[in-house]
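Only one structure is covered here, and it is reproduced in the block below.
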Amino acid sequence: MSRITLLGKRPNEIRTETFDFTSRLAASETISTAVVTTAVYSGEAGAADLQLYGAATISGQTVTQRLGGGVLGVVYYVTCKIVTSAAQTLELSAYLPIVPIGA
């Protein structure tokens, strides 16, 4: 599993993150399904957790997901899990810190 760190997100932002599987797929292999999940990596989120807006979108060998909310100071662990046309199950994960407005 590969992990990346995304640019810090402010709690009031809704933004699209991209998971690029190009280097992990064969030339003719495609993404059949994609699911994005979130979990708290560090800190305490309480009721105002990171939200997924809509379903993950597949475009070629990338997956995008709109994310919003989150608690200031919390780092979330965002995972994109795909199943491919070659019956592979692959994951990319990213750390997403929630930062103050001035950061």
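The values are calculated or read from the model by the stated rules, or taken from the named source; none is laboratory data. Computed from a predicted structure; not experimentally measured. When we count neighbours, we look across all protein chains shown, and the Cβ atoms used for this are built from the backbone with ideal geometry, even at glycine. The area values use the complete protein model at the heavy-atom level, side chains included, leaving out ligands, DNA and RNA. Shrake-Rupley method; radii C 1.70, N 1.55, O 1.52, S 1.80 Å.
What to note about this one:
- Checking ALA34 against (1) under 17 Å from the mean Cα position of the chain (by Cα); (2) surrounded by fewer than 16 Cβ atoms within 10 Å (Cβ to Cβ), the condition it does not meet: (2)
- Residue check, GLY46 of a type in the set (Gly, Ala, Ser) and assigned to a strand (DSSP E or B): no
- From the list GLY60, GLY46, GLY70, GLY54, the one residue that fits, being touching a Pro at 6+ places or on another chain (Cβ under 6 Å) and at positive phi, is GLY70.
- Candidates in the range 19-31 are the residues that are of a type in the set (S, T, N, Q) and either in a loop (DSSP other than H, G, I, E, B) or closer than 19 Å to ILE98 by Cβ (or both); of these, the one that is least open to solvent (accessible area, probe 1.4 Å) is THR30.
- Positions within the range 49-87 being free of Cβ contacts under 8 Å to residues at least 24 places away in the same chain and part of a strand (DSSP E or B), in sequence order: GLN51, LEU52, GLY54, ALA55, THR57, SER59
- Residue in the range 1-17 that is modelled with pLDDT of 95 or more, among the polar types (S, T, N, Q) and surrounded by 14 or more Cβ atoms within 10 Å (Cβ to Cβ) present: no
- Residue count for the range 59-84 satisfying the condition of being in contact with a strand residue (DSSP E or B) (Cβ under 6 Å, 6 or more places away or on another chain) and open to solvent by 70 Å² or more (accessible area, probe 1.4 Å): 3.
- Among residues of the range 36-76, those that are out of contact with any Leu (no Cβ under 8 Å at 6 or more places or on another chain), of a type in the set (Ser, Thr, Tyr) and closer than 19 Å to LEU7 by Cβ, counted: 4
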